[in-house]
Structure formats: C-alpha cells, structure tokens
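J.: Got a structure for you, written out below as structure tokens; questions coming shortly.
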C-alpha cells in the first residue's frame with residue numbers, strides 16, 4: 001500500500017507538471033532579463049564572461065551589477081562569488097556550481113642560492129610574512145645565512161593581495177612588495193633576479209602547453225604543518241598537475257586556494273540562466289584562464305553539465321511550442337495511469353523476488369567540515385582527546401574523525417581501573433566486526449575509572465564521542481608538560497586538513513590493488529570521501545591505516 005501511494009503521488013506530480021508546462025506555453029514566451037551579481041574580487045572576470053556570452057547570444061538580455069554589503073540572496077538572481085564571500089557561509093542551502101578555481105602561488109628563481117634548503121624545509125606562513133616585510137632578508141628565514149635582501153613582487157590584483165594578506169596574517173597596506181600590473185612583467189623580474197620572490201596566480205607561471213612551469217621559475221613549497229621540514233605528503237610541487245591535484249584535496253593552504261561559484265537561491269529553471277552557466281562551464285573557461293584563474297577539469301565540466309540538466313525542454317526565443325488541448329492532456333493522463341496500474345499489479349505479484357525493505361540509506365560525504373570538535377578540549381595526534389575536570393581528573397576519549405572512519409563499533413578492549421599508563425602506550429582497542437585499531441594514551445597517569453557502559457554498548461562512542469562516549473578518567477602525573485604537545489581547537493582544525501590529505505593519498509594507494517577501496521573515494525575533480533570509509537574494507541586496510549595514521553603519531 002505504501003508503494004502504491006508513493007507511486008500515485010509521483011504520477012500525479014508528473015501529470016501536474018505536464019499540464020502546467022502545456023498551459024504555460026499557451027501564452028507567448030517572454031524574454032526576461034537575467035540578473036547577475038558579482039563579488040568585487042572577480043568582477044572583471046564576470047564582466048568578461050557577460051560580454052563573451054552576449055557576443056554569442058545577442059538576443060539575450062543580461063544585467064550585471066557589483067555585490068554590495070548585503071550577505072543574503074535575492075530570488076531569481078544568479079551570483080558569481082569568490083570562495084571567501086559571506087553569502088557562501090550564510091546561504092548554506094543555496095544551489096551552487098563551481099565554475100573555476102583560484103590558486104595563488106609564491107615563486108622564486110630556479111637559480112636561487114638557497115633552493116636546496118627551501119626544497120628541504122619549505123617556507124611557513126610566518127616565513128612569507130618576513131619576506132614581504134619592510135626589511136625583507138633571506139637571513140630572517142634561514143639561520144646562518146648571509147644577509148641577502150629580498151626583492152618582493154606581487155601581482156597588482158585584489159584577489160592575489162587579499163589571499164597573501166590572509167595567509168601571512170598581514171594587513172594589506174603593510175605588504176612591502178612591489179605591485180606589478182602585468183603577469184609577464186612579474187615573471188620576468190623573478191627570472192632576472194636570483195634573490196627575488198613573487199606572488200601571483202598559478203595560471204601566470206604556466207608554459208604555453210600548461211603542462212609545466214615557465215622557464216626558470218620554481219613554485220616555493222609550503223611547510224603547511226610548520227614542523228620545519230617537508231613531509232612526504234607535502235611534496236607535490238614538481239609540475240602543475242601535481243600541484244593542482246594537491247591543492248584541491250587539501251594539501252595546499254586554504255588561504256591561497258579557492259573556488260569560484262555560481263549561486264542561486266534554488267536551482268534555476270530559467271533557460272537563460274541555465275544556458276549562461278553552461279557557457280561558463282565550456283566556452284567561458286578560456287576567459288577564466290586568460291584572467292589568471294585555473295580552469296575546470298574535463299570531469300568537472302561533465303559534472304556541471306549533468307547538474308544543469310533541466311527536465312523542462314529548452315526554449316527557442318523565436319518559436320512557441322504548439323499548445324496542447326485540455327482533452328488531449330486528460331487522455332494522456334488516463335493512459336499513463338492505466339499502464340502504471342498494470343505494471344504495479346505485476347510488480348506486487350512478484351514482490352517476493354525483491355528486497356522487502358523500502359528504506360534507502362544515503363551515506364553522507366566525509367571531509368574536515370563534517371568533523372565535530374568542541375572548543376575547550378585538548379586533541380592529540382593519536383586521534384584522542386583529553387579534558388581536565390575541576391577535581392583534577394582527566395577524561396579521555398577518541399575524536400570524531402576516528403569514529404567517522406571506522407563506522408559503528410561492535411566491541412572494545414579496555415584497561416582496568418588502577419592500571420598505570422604512559423603517554424603513547426596502548427590504552428584501548430576499538431573493534432568493528434573483528435577488525436580492530438589500537439589507540440594510545442594522550443597522557444600519563446593512573447586509570448581511576450573506565451566507562452563501563454561502553455563494554456555493553458560500544459557504539460556509544462559513535463553517537464556521543466565527547467560526552468557519554470568518554471573512555472577513561474585518569475589521574476595525571478605529567479599533565480603540564482604533556483598538554484603542551486596537544487592541539488587546541490584552531491590548530492586541531494588545521495591539522496585535520498592534513499589528515500584528510502593523507503587519508504585521500506592512503507586510499508588512492510590502496511585503490512590501486514583493491515577495487516572496493518576505489519568506490520570510497522574520488523581523488524580529484526571535486527570528489528568526496530565516503531563516510532565510514534573503513535567500515536566495509538578488509539583487515540589488511542585497517543592494519544595499514546593503523547601503521548600510517550596511529551602508530552606514527554604516538
């Protein structure tokens with residue numbers, strides 16, 4: 001019965017849509033003006049897009065205006081915004097489409113005397129801040145280096161300047177770098193000066209084929225986690241393809257990367273809006289490239305075109321479809337209902353051959369924004385957390401990242417009250433269907449209490465990891481020192497980005513030999529990880545995850 005009611009609802013909806021479409025098209029079609037609003041950072045690009053589309057479609061009317069201070073959207077208006085615009089944060093339910101990429105890069109001369117040291121250690125955001133300060137000198141970045149003044153150049157582009165200011169935590173007016181209006185001139189200045197550094201869009205330093213960097217130009221590697229060395233997952237600067245891929249899976253600083261979005265309050269049905277966004281996805285990419293932005297990949301273009309598919313047939317401004325009579329509409333509806341009822345009867349007779357459950361579970365995507373992390377806790381690299389209570393006892397548990405990785409737990413192995421533990425010592429084993437991970441203590445001390453409810457209901461960790469899902473109460477013996485090695489909220493969030501970068505690489509390697517793993521991750525072109533990513537994978541993948549993500553962090 002439930003199936004019948006649902007099916008009749010769907011059929012009624014389709015019939016209603018057909019009727020409305022036909023009745024609406026009895027009237028002459030009116031060509032409406034497409035309203036477009038652009039954020040200031042990409043207004044020049046938006047103007048180029050509008051002009052280019054207008055040249056190809058002279059009959060279409062488009063009005064482009066600059067976004068004012070408002071942070072809410074108007075219905076029926078299309079917005080073109082850079083990724084840091086407040087509307088993106090405020091209008092979380094808006095329909096959006098990625099129409100370009102924005103990547104700002106620091107570049108140096110390939111003959112820089114410190115190149116070997118730079119490639120070994122990379123530069124941190126603080127290092128870059130020193131190199132754009134009033135007394136910029138390479139000796140401020142590398143100790144035991146002769147005083148060598150730095151010639152700093154930055155593209156005279158508001159988007160580049162804003163990104164560098166946010167990345168280095170420097171006021172835009174305090175950036176002591178020469179503003180260069182021409183990308184070609186900036187590249188030439190860096191090529192001529194071995195001690196120079198420049199900041200520009202990635203597209204500005206690509207060769208004609210876009211498969212390598214411009215002659216004698218090196219992208220400066222960023223020590224994103226600020227540990228004084230370039231880790232293996234931070235080494236992706238050899239060519240544009242590796243850099244671009246690394247950026248869009250989270251390895252590159254978020255302040256220097258971004259997307260360009262087309263937004264609307266809901267998916268546009270106006271054919272002019274759909275056609276314009278299709279133009280941005282295809283023909284408009286050349287204009288984006290010429291403006292210094294990174295273009296969409298072929299897979300992203302294909303995904304956009306699917307997202308733009310409109311069930312309403314495209315209109316021809318010069319022709320009106322022939323009207324459909326009410327009698328013909330009724331006949332079509334009755335015929336459709338008759339066919340549907342016959343098919344439904346046949347289906348019910350054979351229902352025993354099908355799965356009985358009508359519940360479909362949609363697994364959400366997994367990324368750093370889906371991880372809960374309450375403020376006030378200390379987080380450890382072993383994916384555990386700690387919190388000192390008023391009585392001096394320290395509660396510990398596992399973080400939300402790990403429970404999203406494993407899926408619902410089916411068992412635990414816990415230590416008993418009274419046992420002494422050291423920081424980095426195995427303290428808990430979490431189990432799912434026989435597969436397990438060993439976790440290590442973030443602090444040293446004596447276990448005074450275990451959460452006994454977890455022994456009978458281990459999945460409590462999955463639902464409330466920071467509340468009822470706590471694991472132990474520990475009397476600490478070296479809290480003041482050990483807490484200095486943990487993260488507070490902001491640093492933990494930054495560290496999670498690196499963890500997701502490593503996770504994608506880990507799954508990519510596993511996918512080469514395991515087709516099941518491949519189903520859990522799309523490694524580029526805007527793909528997402530699947531929630532509970534290890535849940536259905538074999539014990540060998542769990543063992544490898546243990547080695548790469550937990551054992552190396554204790």
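J.: From the residues in the range 36-61 that are more than 25 Å from the chain's Cα centre (by Cα) and without any contact (Cβ under 8 Å) to a residue 24 or more places away in the chain, which one is nearest to residue 102 (Cα to Cα)?
T.: Selected residue: 47.
J.: Now, a different point. Scan the range 289-296 and give yes if some residue there is farther than 18 Å from residue 240 by Cβ and crowded, with 18+ Cβ neighbours inside 10 Å, otherwise no. Let's see the steps before the verdict.
T.: Our first condition is that a residue be farther than 18 Å from residue 240 by Cβ; within the range 289-296, this holds for none.
Looking for residues that are farther than 18 Å from residue 240 by Cβ and crowded, with 18+ Cβ neighbours inside 10 Å, one finds none in the range 289-296, hence no.
J.: Still on this structure, I have one more. Hey, does the range 101-115 have a residue that's surrounded by 19 or more Cβ atoms within 10 Å (Cβ to Cβ) and within 18 Å of residue 38 (Cβ to Cβ)?
T.: Checked the range 101-115: at least one residue is surrounded by 19 or more Cβ atoms within 10 Å (Cβ to Cβ) and within 18 Å of residue 38 (Cβ to Cβ).
J.: Could you list, in sequence order, all residues of the range 202-217 that are surrounded by fewer than 20 Cβ atoms within 10 Å (Cβ to Cβ) and either without any contact (Cβ under 8 Å) to a residue 24 or more places away in the chain or touching a strand residue (DSSP E or B) at 6+ places or on another chain (Cβ under 9 Å) (or both)?
T.: First pass over the range 202-217, keeping only residues surrounded by fewer than 20 Cβ atoms within 10 Å (Cβ to Cβ): 206-212, 214-216.
If the condition is that a residue be surrounded by fewer than 20 Cβ atoms within 10 Å (Cβ to Cβ) and either without any contact (Cβ under 8 Å) to a residue 24 or more places away in the chain or touching a strand residue (DSSP E or B) at 6+ places or on another chain (Cβ under 9 Å) (or both), then 206, 207, 208, 209, 212, 214, 216 are the ones that fit.
J.: Which residue, of 135, 120, is assigned to a helix (DSSP H, G or I), loosely packed, with under 15 Cβ neighbours inside 10 Å and either out of contact with any strand residue (DSSP E or B) (no Cβ under 8 Å at 6 or more places or on another chain) or without any contact (Cβ under 8 Å) to a residue 24 or more places away in the chain (or both)? Please lay out each step first, then the result.
T.: On the way: 135 fails: assigned to a helix (DSSP H, G or I).
It is 120.
J.: For residue 480, which of the numbered conditions (1) more than 30 Å from residue 233 (Cα to Cα); (2) in a helix (DSSP H, G or I); (3) within 32 Å of the chain's Cα centre (by Cα) fails to hold?
T.: (3)
J.: Then there's this: Any chance you could count how many residues in the range 91-106 are farther than 30 Å from residue 222 by Cβ and outside any strand (DSSP E or B)?
T.: The initial filter retains those residues of the range 91-106 that are farther than 30 Å from residue 222 by Cβ, namely 91, 93-95.
Restricting the remaining residues to those that are outside any strand (DSSP E or B) gives 91, 93-94.
Residues meeting the conditions: 3.
J.: Still on this structure, I have one more. Got at least one residue in the range 500-519 being under 26 Å from residue 254 (Cα atoms), at pLDDT below 80, assigned to a helix (DSSP H, G or I) and out of contact with any helix residue (DSSP H, G or I) (no Cβ under 8 Å at 6 or more places or on another chain)?
T.: Yes, the range 500-519 has at least one match.
J.: Considering only the range 42-77, state which residues are within 21 Å of residue 89 (Cβ to Cβ) and part of a strand (DSSP E or B).
T.: Within the range 42-77, 66, 77 meet the criteria.
J.: Right, next: I want to confirm something. Restricting to the range 222-235 and keeping residues that are within 21 Å of the chain's Cα centre (by Cα) and under 29 Å from residue 191 (Cβ atoms), which single residue is modelled with the highest pLDDT?
T.: Per the stated criteria, the residue is 222.
The values are calculated or read from the model by the stated rules, or taken from the named source; none is laboratory data. Keep in mind that this is a model prediction, so the values were computed, not measured. Note that each Cβ is placed from the backbone with ideal geometry, even for glycine, and that neighbours are counted across all protein chains shown.
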